[in-house]
Amino acid sequence: MTGKELLLRALNGEQTLRPAWLPYVGVHGASLVGVTAEEYLKSANLIVDGLSKAKELYQPDGLPIVFDLQMEAQVLGCELKWAEKTPPSVVSHPMSLMEGDGKSLADLPAFSVDKGRFPIAFEALDQIKKQMGDEIALYGLLTGPFTLTLHLMGNDVFMNMYDTPESVMTVMDFCAEVACQVADAYIEHGADVIAVVDPMTSQISPEHFTEFVTPAVNKVFDHIRNKGGKGSMFVCGDATRNLDVMTETHCDNVAIDEQIPLEKIRDLALPAGKSFGGNLKLTTVLMMGDENDARRNTIACMDAAGDTGFILAPGCDLPYDVKPENLVAVAQMVHDEYQRDIARTAANVSQTDTFDDVLLPDYASERDVIVDVVTLDSEGCAPCQYMFKAALDARARLESDCKVIIREHKITTRQGVGMMVKLGVPNLPSICIDGQCKFASIIPDTAVIVEEILKAAQSKQEVTS
Amino acid sequence: MPQLNELTEAIKSGNRSNATRLTTEFLDNETAPQEILDAMVVGMDEIGERFKRNEVFVPEMLIAARAMKESMAILEPALVKSGYKPLATAVIGTVQGDLHDIGKNLVSMMWKGASFNVVDLGVNVSPEAFVSAIKEHNATLVGLSALLTTTMPSMKATMDAIRQEQLEGVKVLIGGAPVTQSYADQIGADGFAADAASAVDAARKLLAC
């Protein structure tokens, strides 16, 4: 079975022997061929070179052609500011009254996929399709209607949702039409999947999503389906509150960022007949971590997601400077079952051991607050190191009369695994305060840890007084 | 006669017509301007807390801030007349190279709502522009914002420029999606805030007001 077939099976919600692997190589492709993001995004040949290199290194089952949510906006008259290592930013919002000229839709340049940088993207797609179109699935990414509306109207849109909702609806509908045109062109040039990327929806409530976003994206997903394509609803950022309404749209797949537990989207998507994708950690693991961190994160994603309807992908667009060796390590986990077993064993908790001999202290009767930091190993895993340091930093900020004992439990030892089980820690690294798991996986702000320690200290005083 | 908590509610729900009408009524009834302001600040604080807890989102924050701004315009002459002074003057901006402003705008609005005098320098602000604005406005609070990891070094450059001037009593708070407390410590900022409501708490704490 080719990688493409495997990815499309996963996308259709089927069970797969291994997860489909979709690295979102956007401007990271520029770094792979040693050029700036601007040079890359303006040249079909460089995009082809970047994606070819990515295919060779990362053994993907799918690749996006371009990850740039400013292409539609540029055609519609938004000015862009280019950067060396990131996609361009929109710097003018022609329909904004607060920040722009307050233009109407009729005043904007007519949209066409023959304008701006779309011909470059399609030329790259044509070449890539010829080179690797039989082996891997190709994604056409387009700007979701809400994000494009924000590009056009600027921050006005947020207040207009209350003041003149009909004006927002009109622009959203126009942006959905634009998205349909882009989807058509991608499909005609051979894209297998269309991803509607709408990160700005993470800034609004589920009620506003249903009112403004759902009708617009459904129009796009229905259109994609009528053309024989597949549609993915992709929101970078913390979309926790909108997961239900995102899943209820007419998409085939929901893709999420690293802030959201994969189990959560799995339990929503699969019963709704949709597949799901995500959510390798971009910053703490792929950017700042090493290959071991990448391996562990991959295993964690695979274990959380299960083997049905799952596409392994980063939470969002891969940064320019992401370490290639980390993505190679992810690919190794995806393709090599033996390597997967080794990585899993290293972190695996024995299913039969009940750790009866590992005893927790009676936290309430201890004079000092006890902070248990459960890690893989703070010396060998970057997130663990930051988590442990966060606990130390918190202690350093406390007054000297608040006594705190910090203990690290590495799960590379049986004792450490026992503590993890006894403390009921769901993810690593974690911080438990007086036996209660307070922070799992996401490294908290030091001030928040201080607050929790003070609370624990206070409840101790109340018990003893 | 209306109750002050009605004004708090009007601010919280972003109902600007009610908020401005109530402000006018309270002034006509000779309620002390400071009491009226306090009722508004409670509204902004409460919406900020809900934002922090992920219960409301950017649109709800913006309409609350607008209701506050329009009510303040009515209240301000009476406040000034009563001898009121803002807690402090703050200078805020998105650092050089970064053009994102939603987070910076939210902090700016929340600070205004919490009775700070706010000078908003906009986006892509150079270290020199920050320094000269701090001097010009005698600011004691500075807010630096960045959304991109690639522009975080600009925060350090701005911090260095501010520290080099050895400005007395100037506290610098940083924030934005990629920013953390440890980064704040690393570049010598006085504080970090994870969201707009926390930026108010942090500012009050830093300036002890």
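The values are calculated or read from the model by the stated rules, or taken from the named source; none is laboratory data. Since the model is a prediction, treat every value here as computed from it, not as a measurement. With ideal geometry, Cβ positions are generated from the backbone for all residues, glycine too; neighbour counts draw on all protein chains shown. Ligands, DNA and RNA are excluded from the accessible area calculation, which covers all protein heavy atoms including side chains. Shrake-Rupley method; radii C 1.70, N 1.55, O 1.52, S 1.80 Å.
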Can you pull out every residue in segment A:207-217 that is open to solvent by 30 Å² or more (accessible area, probe 1.4 Å) and within 14 Å of another protein chain (Cβ to nearest Cβ)? A:207, A:210, A:211
When segment B:44-74 is checked residue by residue, the ones that are away from chain A (no Cβ under 11 Å), modelled with pLDDT under 90 and open to solvent by less than 10 Å² (accessible area, probe 1.4 Å) are B:48
Out of all the residues in segment A:112-162, which are outside any helix (DSSP H, G or I), open to solvent by 10 Å² or more (accessible area, probe 1.4 Å) and not hydrophobic (A, V, I, L, M, F, W, C)? A:112, A:114, A:115, A:116, A:117, A:134, A:135, A:155
Strands (runs of 3 or more DSSP E) contained entirely in segment A:401-465, each with at least 1 residues that are assigned by TED's automatic domain parsing to the domain that holds residue A:292 and surrounded by 16 or more Cβ atoms within 10 Å (Cβ to Cβ): none
Being without any contact (Cβ under 8 Å) to a residue 60 or more places away in the chain and under 20 Å from residue A:194 (Cβ atoms) narrows it down to one of A:6, A:51, A:63, A:22, so name that one. A:6
Considering only residues that are over 11 Å from the mean Cα position of the chain (by Cα) and at pLDDT 90 or above, which ones fall in segment B:94-122? B:94, B:95, B:96, B:121, B:122
Just to verify a result, which residue in segment A:53-88, among those that are polar (S, T, N, Q) and touching a Gly at 6+ places or on another chain (Cβ under 9 Å), is farthest from the other protein chains (Cβ to nearest Cβ)? A:59
Scanning segment A:72-102 residue by residue, the ones that are among the basic types (Lys, Arg) and either outside the structural domain of residue A:176 (by TED's automatic domain parsing) or at pLDDT below 85 (or both) total 0
The lone condition residue B:77 fails out of (1) assigned to a helix (DSSP H, G or I); (2) modelled with pLDDT under 90; (3) open to solvent by 60 Å² or more (accessible area, probe 1.4 Å) is (2)
Can you name every residue in segment A:418-438 that is at pLDDT below 90 and within 16 Å of residue B:180 (Cβ to Cβ)? A:429
Of the residues in segment A:306-333 that are surrounded by fewer than 22 Cβ atoms within 10 Å (Cβ to Cβ) and assigned to a helix (DSSP H, G or I), the one that is nearest to the other protein chains (Cβ to nearest Cβ) is A:324
Where residue A:97 falls short, out of the listed (1) assigned to a strand (DSSP E or B); (2) surrounded by fewer than 19 Cβ atoms within 10 Å (Cβ to Cβ); (3) among the aliphatic types (A, V, I, L, M): (1)
Looking only at segment B:179-209, filter to residues that are within 14 Å of chain A (Cβ to nearest Cβ) and over 20 Å from the mean Cα position of the chain (by Cα); which one of those is nearest to residue A:391 (Cα to Cα)? B:182
Quick check: is even one residue across segment A:358-376 closer than 30 Å to residue A:283 by Cβ and not in a strand (DSSP E or B)? yes
Looking at (1) surrounded by fewer than 22 Cβ atoms within 10 Å (Cβ to Cβ); (2) within 27 Å of the chain's Cα centre (by Cα); (3) not in a loop (DSSP other than H, G, I, E, B), find the lone condition where residue A:45 falls short. (2)
Residue pairs within 9 Å by beta carbon, gap of at least six or interchain, first lying in segment A:159-183 and closer than 15 Å to residue B:62 by Cβ and within 14 Å of another protein chain (Cβ to nearest Cβ), second surrounded by fewer than 16 Cβ atoms within 10 Å (Cβ to Cβ) and of a type in the set (A, V, I, L, M), listed first then second, are A:159/A:98
Among the residues of segment A:263-298, which ones are of a type in the set (Val, Ile, Thr), over 25 Å from residue A:51 (Cβ atoms) and either surrounded by fewer than 19 Cβ atoms within 10 Å (Cβ to Cβ) or within 14 Å of another protein chain (Cβ to nearest Cβ) (or both)? A:284
Please specify each residue of segment A:218-240 satisfying the condition of being among the β-branched types (Val, Ile, Thr), within 14 Å of chain B (Cβ to nearest Cβ) and over 12 Å from residue B:57 (Cβ atoms). A:235
Selection over segment B:181-209 where residues are part of a loop (DSSP other than H, G, I, E, B) and in contact with a helix residue (DSSP H, G or I) (Cβ under 9 Å, 6 or more places away or on another chain) yields a count of 7
Any chance segment A:22-44 includes a residue that's under 18 Å from residue A:314 (Cβ atoms), at pLDDT 95 or above and in contact with a Cys (Cβ under 8 Å, 6 or more places away or on another chain)? yes
